[in-house]
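*Asks:* The structure under discussion is supplied below as C-alpha cells; questions concerning it will follow.
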Amino acid sequence: MANEHTREGLKPTIGVSALAISIINGIVGAGIFALPAIVGMQLGSYAVLAYLFCSIMMAAVMLCYAEIGSRIKTSGGSYAYVQAAFGNFTGYIINWLFFFGWNVLGSAAIANIIADFLAVLFPVLLNPFARAALFFVMISLMVIINIRGVKQGMGLVKVLTIIKLIPLFGIIIFGFGYVNTGNLAWQNLPSINTFSGATLTLFYAFAGFETCLGVSGEIKDHKRTVPRGIILGGLIVMLLYMLLQTVTQGVLGAGMASFKDAPLAAVAERIVGPVGASILLVAGAISCFGNISADIMCTPRALFAGANNGMFPKLLGRVHPKFATPYIAVAIYGALIFIFSISGGFKQLAVLASAAILLVYLAVILATVKLRRKKEAVSPAFKAPGGLVLPFIGIAAIIWLLTSLNRWEILSTVIFIATVILMYCITPRMQDNDELIVPEDIGLQPEATEGH
C-alpha cells in the first residue's frame with residue numbers, strides 16, 4: 001500500500017492521528033499566546049462561555065468539512081470541494097482567496113512574528129538583512145523537507161506540534177496550583193456587543209484547520225480519516241483553549257491588563273521564574289514555525305490541483321519522479337511566502353484575510369449541501385448529523401461575521417475578487433470543463449455524471 005499512488009501521482013500516507021495532529025498544529029499558532037488576555041479583558045470569568053459559543057459555530061463549519069472531505073479524494077482541500085460542487089469558475093475564485101488572500105499573506109505575517117519573538121532574545125534580528133536571512137533559511141528548510149515527501153513534511157509537523165504543546169500543557173498542569181478561585185467568580189455580566197466582539201476574535205483563533213486538508217489527495221481512507229481527524233483535532237484544541245483561559249484568568253485575574261501582550265509568559269514566570277518567559281518566547285516561535293511548515297506542506301496542493309484542472313499553469317501540476325510530491329508548486333509557494341515576508345507587502349494586503357477565509361468557509365458549506373443532493377455513494381460517506389441544522393448554523397455565523405468587517409476589508413475583497421474574475425476570463429485555460437472530478441473522487445456512482 002505504501003507504494004501505491006493516487007490517480008494524481010501522489011502517495012496516500014496520511015491517517016487519522018497524523019491529520020488530527022496537523023489540524024492541532026494548524027489552529028494553535030501565535031494567537032494563543034495573547035488570546036487569554038484579549039478575551040479575558042473583555043469578558044472576565046465569562047470567557048469560557050464565549051469559547052463554548054464559538055465552538056458550536058466552528059463545529060458546524062468543521063463538520064461540514066468532515067462530510068465533504070470524506071467524499072472528495074483529490075488534492076486541494078477547500079478548492080477541490082468547491083470545484084467538485086460548483087465547477088471551475090467558483091473553484092478558481094475560492095482557490096485564489098484561499099492560497100493567496102488567506103495563506104500566503106498569513107504565513108508572511110507569521111514569519112515576521114517569529115522574528116519578533118526571537119528578536120527579544122537575539123536583537124540582531126531587528127536588522128532587516130538578518131531577518132531576511134532567517135526567513136530564507138527557515139522557508140528553504142521547510143520547502144526541501146516537503147519536496148522530499150508528505151511523510152517527511154508530516155513528520156516535521158508532528159515534532160513541532162509536540163514541542164509547542166509541551167509548554168502549553170505544562171502551564172495548565174502546574175498553573176492550577178497558582179489559581180485564585182476568586183478570579184474565576186462570575187460577576188458583571190458583559191453586554192451582548194462585548195460578548196459578540198470576543199466571539200468574533202475567538203472564531204479566527206479556531207481557523208487554520210482547513211489548510212491541513214489541502215493534502216486531501218494523500219489521505220488514506222477518506223470516509224474514516226477525514227471526519228475522525230477533524231473531530232479529534234477540534235476537540236483537543238477546544239479543550240486546550242478553555243483550560244489555558246481558565247488557568248490564565250485564575251492566576252492573573254484583574255491584573256490581566258498588565259500582561260495583555262503575553263499573558264501566558266506571565267503565568268510561566270509565576271511558575272518557574274524569569275526563565276519561564278524566555279521558554280514561552282521560544283515556544284511561540286516554534287508554534288509559528290509549525291504553522292508555516294503545515295502551510296507549505298498543504299497549500300501548494302491547491303495550486304497543484306488547480307493546475308491539474310487547467311486553471312493554473314501546467315508546470316504547477318508536475319509530480320517529482322522520485323518523491324511523488326508536487327515539487328514545483330511547493331517551491332513556488334515557498335518563494336511567494338519569502339517575497340512577502342521580506343517586502344512587508346502583506347501588511348497592506350492583510351485586510352483581505354478575514355473576508356477571504358469567511359468566504360471560503362461559506363463556499364464549502366454550500367458545496368456540502370449541494371453534494372448531498374447527488375446520488376448516493378457506493379458506500380456511505382460520513383454525514384454531519386442534524387440534516388440542514390449544522391449548515392444553517394455555519395452559514396448564519398459566517399454572515400454575522402461578514403457584517404462585522406470594516407469597509408476597507410469589504411472593498412479590498414471586492415477588488416480582489418473582481419481582479420481574479422478578470423484573470424479567469426483573460427487567462428488561457430488548457431481545459432474548459434466543469435466536470436473534471438471523476439465520479440469515484442466524490443464517492444458517486446459512475447452513471448451519476450454520464451453524458452457530461
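The values are calculated or read from the model by the stated rules, or taken from the named source; none is laboratory data. Bear in mind the structure is a predicted one, so any value in this text is a computation, not a measurement. Positions of Cβ are backbone-derived with ideal geometry, glycine not excepted, and every protein chain shown enters the neighbour counts.
*Asks:* Check Gly153 against each of (1) modelled with pLDDT under 90; (2) under 17 Å from Leu281 (Cα atoms) and name the one condition it does not meet.
*Replies:* It is condition (2) that Gly153 fails.
*Asks:* Counting just the residues of the range 32-85 that are polar (S, T, N, Q), touching a Leu at 6+ places or on another chain (Cβ under 9 Å) and more than 25 Å from Ala20 (Cβ to Cβ), which one comes out modelled with the highest pLDDT?
*Replies:* Gln83
*Asks:* Residue check: is Pro274 free of Cβ contacts under 8 Å to residues at least 60 places away in the same chain and either surrounded by fewer than 24 Cβ atoms within 10 Å (Cβ to Cβ) or of a type in the set (Asp, Glu) (or both)?
*Replies:* yes
*Asks:* Further question on the same structure: Out of Gly290, Gly306, I need the residue that is touching a Leu at 6+ places or on another chain (Cβ under 8 Å), in a helix (DSSP H, G or I) and over 30 Å from Ile163 (Cα atoms). Which one?
*Replies:* Of Gly290, Gly306, the one residue that is touching a Leu at 6+ places or on another chain (Cβ under 8 Å), in a helix (DSSP H, G or I) and over 30 Å from Ile163 (Cα atoms) is Gly306.
*Asks:* Would you mind telling me which numbered condition in (1) loosely packed, with under 12 Cβ neighbours inside 10 Å; (2) outside any helix (DSSP H, G or I) Asn193 fails?
*Replies:* The number of the failed condition is (2).
*Asks:* Quick check: is even one residue across the range 292-299 over 20 Å from Ile219 (Cβ atoms) and not basic (Lys, Arg)?
*Replies:* At the first step, the residues of the range 292-299 found to be over 20 Å from Ile219 (Cβ atoms) are 292.
Then drop every residue that is not not basic (Lys, Arg), which leaves 292.
Scanning the range 292-299 turns up at least one residue that is over 20 Å from Ile219 (Cβ atoms) and not basic (Lys, Arg).
*Asks:* Same structure, new question: Scan the range 204-222 and tell me whether some residue there is surrounded by fewer than 20 Cβ atoms within 10 Å (Cβ to Cβ), at negative phi and of a type in the set (D, E, K, R).
*Replies:* Within the range 204-222, one or more residues are surrounded by fewer than 20 Cβ atoms within 10 Å (Cβ to Cβ), at negative phi and of a type in the set (D, E, K, R).
*Asks:* Gln152: of a type in the set (S, T, N, Q) and under 30 Å from Ala302 (Cβ atoms), yes or no?
*Replies:* Yes, satisfied.
*Asks:* Please determine, by comparing only the residues of the range 349-381 that are more than 17 Å from Ala207 (Cβ to Cβ) and surrounded by 20 or more Cβ atoms within 10 Å (Cβ to Cβ), which one is modelled with the lowest pLDDT.
*Replies:* Of everything passing the filter in the range 349-381, Ala381 is modelled with the lowest pLDDT.
*Asks:* Please count how many residues of the range 250-264 are at pLDDT 85 or above, surrounded by fewer than 21 Cβ atoms within 10 Å (Cβ to Cβ) and within 27 Å of Ala111 (Cβ to Cβ).
*Replies:* Applying the first criterion (at pLDDT 85 or above) to the range 250-264 yields 250-252, 263-264.
If we keep only those that are surrounded by fewer than 21 Cβ atoms within 10 Å (Cβ to Cβ) too, we end up with 250.
Remaining after also requiring within 27 Å of Ala111 (Cβ to Cβ): none.
Total satisfying the criteria: 0.
*Asks:* Name the pairs: first residue in the range 353-380 and part of a loop (DSSP other than H, G, I, E, B), second residue modelled with pLDDT of 90 or more and small (Gly, Ala, Ser), Cβ to Cβ under 8 Å, at least 6 apart or on different chains?
*Replies:* none
*Asks:* How many of the residues in the range 315-324 are in contact (Cβ under 8 Å) with a residue 60 or more places away in the chain and within 17 Å of Phe99 (Cβ to Cβ)?
*Replies:* Number satisfying all stated conditions: 0.
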